[in-house]
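Peer 1: One structure, pasted below without further comment.
The values are calculated or read from the model by the stated rules, or taken from the named source; none is laboratory data. Note that the structure is predicted; figures quoted are calculated from it, not measured. Don't worry about glycine lacking a Cβ; one is built from the backbone with ideal geometry, like all the others, and counts go over all protein chains shown.
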Amino acid sequence: MTRPNTSSVTATLSQLTQPSQTSNLIDRIKTLSIPQFSCWLDFFAADFQQFLGAIALINNDALETRLEQVIEALTLKVGQVLQADQATIFMVDTDTGQLWANIPQRHTNKTIERRIPHNQGVVGHVAATGKSFNTSVAYHHPLFNPEFDEIPGYRTQSLLCMPIFNRNNQVIAVINFLNKTGGVPFDSTDEKQFRDFADDLGIILEACQSFQQAARNQRGVIALLKATESLGKSLKLEQTLSLVMEQARDLMQADRSTLFLLCQDRNELWSKVATADGENTIEIRIPANRGIAGYVASTCKPLNIPDAYKDDRFDPTTDKQTGYRTESILCMPVFNSKNKLIGVTQLINKHQGYFTSSDQEFMRAFNIQAGIALENAQLFESVLIEKQYQQDILQSLTDAVISTDMQGRIVMINDAAIKFLGGPNRRKGSPNWKLWQSKLTGRYIWDIVPIENLQWRWQDSLATGTRHYMPEQTLKIGLYKSPQGDLGSPSMVLAMPKWDDPNVYVPWNETPQTESSSTYYLSKYQVQEIERSLNLSVNPLLNPEGSVRGGLVVLEDMTREKRMKTAMYRYMTPRVADQVLALGEDTLMQGKKQEVTILFSDIRGYTNLTEHLGATEVVSLLNKYFETMVEAVFNHDGTLDKFIGDALMAVFGAPLPLPNHAWKA
């Protein structure tokens with residue numbers, strides 16, 4: 001069959017990318033016979049085979065090296081054709097406004113990249129005007145500039161500089177011929193001869209440039225995906241900073257990268273950078289409006305600088321501190337999810353050439369992900385700081401405080417609570433403190449504080465959001481000295497009375513693995529029994545939205561106060577005792593002068609009376625007497641001081657003032 005008018009890969013691509021062409025292609029295929037369709041498939045398969053070859057070429061890591069070898073070979077051959085002693089092709093870099101070329105070094109196989117400003121020297125003039133330049137005595141021409149037009153260590157006589165155009169008739173490169181063989185100048189014949197294959201050179205160079213750009217973009221996309229994937233691996237700020245700098249450096253193929261974070265309180269940018277030997281890091285702090293990074297932070301605009309020391313905004317202070325030499329810089333702002341500046345990324349010294357506009361776009365995409373990662377890390381750090389702050393507050397409380405989750409499991413327990421349960425003191429460096437904390441954390445609160453109705457009170461508090469107060473509760477626990485603790489040494493173990501047998505104690509109130517393990521349980525004689533008196537409160541913990549997110553149980557140790565009350569109730573009425581306790585210990589310990597009435601009372605004729613009574617009768621008599629007298633003293637707000645044989649001493653008007661103390665007595 002006659003081959004369709006699509007004899008090239010470009011034509012095929014045109015048919016696939018233009019809607020009208022695609023429609024025509026569909027209509028054409030409908031009318032094909034089977035042999036024609038088979039032939040058409042062969043044609044299309046051949047074109048797509050070229051597509052696959054192009055894609056494979058782009059994905060080839062050695063592509064750029066091979067393209068550079070192509071350019072080097074073409075340069076050498078064209079120089080031979082025009083009988084030039086030296087020939088160099090300078091490519092136009094539209095991103096930086098420069099011309100660049102890889103110059104072979106004499107007596108070595110290495111090349112160095114050389115860059116020329118777009119408007120300097122003969123090469124810059126030809127690139128800017130698109131016109132050829134030919135001179136027989138280079139040093140006599142005002143456009144000639146040895147710094148840009150001459151190879152270092154080389155003496156130029158004759159010079160021919162020709163532009164190379166792409167398909168859009170734009171200058172894509174400039175070729176510079178130096179010193180024609182035989183000492184004769186280049187002439188119009190040389191210029192015409194070069195123009196005969198200049199168009200082909202333009203197509204080849206444009207293709208090389210396109211392939212290079214496509215390969216770099218492909219690598220950039222892969223590196224960007226890898227970099228953004230790595231950013232979510234840590235929520236710690238220090239690690240996130242390191243990840244951002246490492247991935248940015250790899251993505252942009254830069255020698256160094258720095259992420260400056262903005263400290264708004266001090267209006268500074270800070271970061272940690274490596275010293276010149278790369279073995280240590282130092283913290284760098286600069287004002288948020290100084291240097292390249294400061295300019296970007298102040299304006300929120302990116303900067304791409306080919307030569308840092310030629311830019312007035314560059315501050316060499318950091319270089320002086322680290323011993324490093326900064327050349328090219330790409331500096332870009334980093335924003336959080338609210339589009340608020342949180343930092344600046346700064347890339348230094350690209351491995352090959354300078355940072356391009358494509359690099360800038362990739363870095364912009366990377367910075368969006370970096371901003372999210374940094375914001376998450378900063379939020380996480382704030383949460384950790386707030387958590388530590390809350391822990392410090394919790395640990396500073398003298399009351400025992402235990403927080404729980406929504407299921408009633410212990411999340412946090414302060415030192416006072418561990419001490420209340422008979423545990424070790426963390427401040428004294430007891431190794432068992434961590435054991436107690438690990439054993440208690442994650443347990444149900446009612447298993448560790450087995451007080452009647454605590455589970456119901458806790459559930460109701462979280463369900464209704466109300467506070468429950470349970471005064472004058474009694475907690476019975478035991479301490480057992482384990483000869484071989486979890487830490488491999490003797491340790492104190494918390495034990496709770498078994499729910500169905502108060503004479504049996506369960507270590508940590510944990511159910512044994514097997515019921516046959518009778519050695520797991522402890523008898524009351526193996527433990528040191530402790531009885532605590534406490535006031536207990538259950539409080540719901542609310543989040544900022546007002547929803548319950550956990551519970552807080554506060555245990556107020558009333559054991560000492562109860563002992564004092566019990567002792568004081570023997571000498572004064574509960575009402576007076578409560579009033580005295582309300583004044584506090586310090587008040588009771590302070591001596592003062594006060595007018596009081598003291599009552600002494602005994603049994604008249606006690607000696608003669610007891611001579612006719614037996615011992616049991618005497619004791620019974622004294623008990624009845626003292627019971628009657630103490631009741632009378634308490635009824636009149638007196639305080640029992642002591643018993644003296646058959647006598648009783650009582651004070652009226654102390655420890656609390658009593659206006660009519662004499663009458664009361």
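Peer 1: Examine the stretch 306-317 for a residue that is over 19 Å from ALA370 (Cα atoms), of a type in the set (S, T, N, Q) and within 28 Å of the chain's Cα centre (by Cα), and state whether such a residue exists.
Peer 2: Quick first cut of the stretch 306-317, residues over 19 Å from ALA370 (Cα atoms) only: 306-317.
Now narrow it down to the ones that are of a type in the set (S, T, N, Q): 317.
Those left that are additionally within 28 Å of the chain's Cα centre (by Cα): none.
Checked the stretch 306-317: no residue is over 19 Å from ALA370 (Cα atoms), of a type in the set (S, T, N, Q) and within 28 Å of the chain's Cα centre (by Cα).
Peer 1: Filtering the stretch 447-458 down to residues that are surrounded by 15 or more Cβ atoms within 10 Å (Cβ to Cβ) and not hydrophobic (A, V, I, L, M, F, W, C), which residue is farthest from LYS481 (Cα to Cα)?
Peer 2: Per the stated criteria, the residue is ARG457.
Peer 1: What is the residue count in the stretch 434-446 for residues that are crowded, with 20+ Cβ neighbours inside 10 Å and either assigned to a loop (DSSP other than H, G, I, E, B) or among the acidic types (Asp, Glu) (or both)?
Peer 2: Going through the stretch 434-446 one residue at a time, the tally reaches 0.
Peer 1: Could you tell me whether the stretch 627-645 includes any residue that is of a type in the set (Gly, Ala, Ser) and at positive phi? Reasoning before the result, please.
Peer 2: At the first step, the residues of the stretch 627-645 found to be of a type in the set (Gly, Ala, Ser) are 632, 638, 645.
Then keep just the ones that are at positive phi; that gives 645.
The answer is yes; a qualifying residue exists.
Peer 1: Additional query: Applying the selection to the stretch 546-570, what residues are charged (D, E, K, R) and at pLDDT below 80?
Peer 2: Passing the criteria: ARG560, GLU561, LYS562, ARG563, LYS565, ARG570.
Peer 1: What do you reckon, is ARG266 assigned to a helix (DSSP H, G or I) and either closer than 17 Å to PRO333 by Cα or under 25 Å from the mean Cα position of the chain (by Cα) (or both)?
Peer 2: Criteria not met by ARG266.
Peer 1: Given the conditions (1) touching a Leu at 6+ places or on another chain (Cβ under 8 Å); (2) assigned to a loop (DSSP other than H, G, I, E, B), report the number of the one that LYS338 does not fulfil.
Peer 2: Of the numbered conditions (1) touching a Leu at 6+ places or on another chain (Cβ under 8 Å); (2) assigned to a loop (DSSP other than H, G, I, E, B), the odd one out for LYS338 is (1).
Peer 1: Further question on the same structure: Considering only residues that are in a loop (DSSP other than H, G, I, E, B) and touching a residue at least 12 places away in the same chain (Cβ under 8 Å), which ones fall in the stretch 112-122?
Peer 2: Selection gives HIS118, GLN120.
Peer 1: Kindly check whether there is at least one residue in the stretch 401-415 that is more than 25 Å from GLN388 (Cα to Cα) and out of contact with any Lys or Arg (no Cβ under 8 Å at 6 or more places or on another chain).
Peer 2: no
Peer 1: Name every residue in the stretch 384-426 that is of a type in the set (Phe, Trp, Tyr) and buried (at least 19 other Cβ atoms within 10 Å of the Cβ), in order of residue number.
Peer 2: PHE420
Peer 1: Here is a further query. Exactly one condition in (1) at pLDDT 80 or above; (2) touching a Ser or Thr at 6+ places or on another chain (Cβ under 8 Å) is false for SER298; which is it?
Peer 2: If we test SER298 against (1) at pLDDT 80 or above; (2) touching a Ser or Thr at 6+ places or on another chain (Cβ under 8 Å), just (2) comes out false.
Peer 1: With respect to THR326, determine if the residue is surrounded by fewer than 19 Cβ atoms within 10 Å (Cβ to Cβ) and of a type in the set (Ser, Thr, Tyr).
Peer 2: Here the answer is no, as THR326 does not meet what is asked.
Peer 1: Could you grab the pairs with beta carbons closer than 6 Å, sequence gap of 6+ or different chains, first residue in the stretch 141-168 and closer than 18 Å to ASP187 by Cα, second one in a loop (DSSP other than H, G, I, E, B) and at pLDDT 85 or above?
Peer 2: SER158/SER136; SER158/PRO185; SER158/PHE186; LEU160/PHE186; MET162/SER132; PRO163/GLY130
Peer 1: If I ask for residues that are small (Gly, Ala, Ser) and within 17 Å of PHE194 (Cβ to Cβ), which ones from the stretch 73-100 would you list?
Peer 2: ALA73, GLY79, ALA84, ALA87
Peer 1: Given the options SER136, SER158, name the one that is buried (at least 20 other Cβ atoms within 10 Å of the Cβ) and more than 22 Å from GLN213 (Cβ to Cβ).
Peer 2: None of the others qualify; the one that does is SER158.
Peer 1: Among the residues of the stretch 575-613, write down those that are at pLDDT 80 or above, within 26 Å of TYR625 (Cα to Cα) and surrounded by 10 or more Cβ atoms within 10 Å (Cβ to Cβ).
Peer 2: Of everything in the stretch 575-613, those that are at pLDDT 80 or above, within 26 Å of TYR625 (Cα to Cα) and surrounded by 10 or more Cβ atoms within 10 Å (Cβ to Cβ) turn out to be VAL596, THR597, ILE598, LEU599, PHE600, SER601, ASP602, ILE603, TYR606, LEU609, THR610, LEU613.
Peer 1: Could you check, for the stretch 202-224, whether at least one of its residues is closer than 24 Å to HIS125 by Cβ, of a type in the set (D, E, K, R) and in a helix (DSSP H, G or I)?
Peer 2: Looking through the stretch 202-224, at least one residue is closer than 24 Å to HIS125 by Cβ, of a type in the set (D, E, K, R) and in a helix (DSSP H, G or I).
Peer 1: Also, I was wondering about something else. Which residue out of GLN360, GLN352, GLN346 is in a loop (DSSP other than H, G, I, E, B), of a type in the set (S, T, N, Q), closer than 28 Å to ARG114 by Cβ and assigned by TED's automatic domain parsing to the domain that holds LEU243?
Peer 2: Just a single option satisfies the conditions, and that option is GLN352.
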